[in-house]
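The next block holds one structure in the form of structure tokens; read it before the comments.
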Amino acid sequence: MLQLIRRYRELVLAAVLLVFPFAVYVAHARQPPARSALDRAVLLVTAPIERAVGAAVTGILEVWDGYLALRGARARAERLVRENRRLELERQQLGVERAENERLRRLLGIAAAGSERRYVGARVVGIRIGPAGLQILTIDRGSGDGLARAMPVVTADGLVGRIHSTTGGTADVLLVVDRNSSVAVRVERTRVRADVRGLGRPELARLDYALRVEDVIEGDRLVTSGTDAVFPPGIPVGRVTHLRRGSHGLFVEAEVIPAVDPTRVEEVLVVTSGARPEDALPPVPGAEPVP
């Protein structure tokens, strides 16, 4: 018998595998009262196997669903990261455009308020150190746009400088803070006259020729006086700081914080009316001939 089983073990195993599920199916198909002792024995033996198989299948399905969900979540996260980057770039661009629009709006406000003056708008396209240490801004308008040497250059915050030289399509602006620059000013509060001279530093200038006996205090705002026939009156130049009034001497010593930071200027207005004639300007060291 054993030899016969061993000889046909494959067939026996196949028969058992076929009969066993059928027996289980039949046992489950019968109602509990109609089940025989064999049916109950089959169910008793197969119950742990059914639970184990069910748990394994459920676990595999859960793992598969989790894997699919994880892949979907990763793809969604990558899409969200890309979208977030795109929106951040758009936000930054909108911030730049908003700031530019605000600057241009303020410049237009100046042009509209100063109806007795004529202006040409320009953008800063370069900054460099010229001959003899001149601090120069280059703008994208030139003699072809009606610009000429000595014309004042302003922003909504105040005075930037004056045109130093021009070409057909560009112009160089000599900054207020340049060592070669001197601007006639008044103290806005008391109308005291003085000069502001550049120190070659973007953040600081010097107050010259303010009499010691005059009413000048720290924080006073300085505006162009118009007495030098170069700059129209009333343009903000800076504020007085570090005031020192000695017990002797004719003048006070003070520094000036410029109204305009030249390192941050992007758009300007050139005042094209009321500029001083070129031949009346004092010579500037290193100045190039004007065409």
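Some notes on this structure:
- When Rg and Dmax are taken over the Cα atoms of the range 182-261, they come to 11.5, 35 Å.
- Residues 227, 170, ranked from the fewest to the most other C-beta atoms within 10 Å, line up as 227, 170.
- Ranked list, fewest to most other Cβ atoms within 10 Å of each Cβ, for 248, 164: 248, 164
- Coordinate range of the alpha-carbon atoms in the range 143-193 per principal axis, descending: 42, 23, 15 Å.
- Computed E for residue 199/residue 85 - FRET, C-beta separation, R0 35 angstrom, nearest 0.05: 0.20
- Separation of the residue 242 and residue 73 label points, Cα + 7 Å toward Cβ, nm: 6.0
- Global form of the range 119-175, assessed from the alpha-carbon gyration tensor, a/c cut-off 1.5: oblate
- Listed by Cβ neighbour count within 10 Å, with the fewest neighbours leading, 231, 251 appear as 251, 231.
- Think of each Lys and Arg Cβ as +1 and each Asp and Glu Cβ as -1; about the Cα centre, that makes the dipole of the range 182-261 roughly 120 debye.
FYI, it's all coordinate maths here, none of it is from the lab. Note that the structure is a prediction, hence the values are computed from the model and not measured. Because the Cβ atoms are built from the backbone with ideal geometry, glycine has one as well, and the counts that use them run over all protein chains shown.
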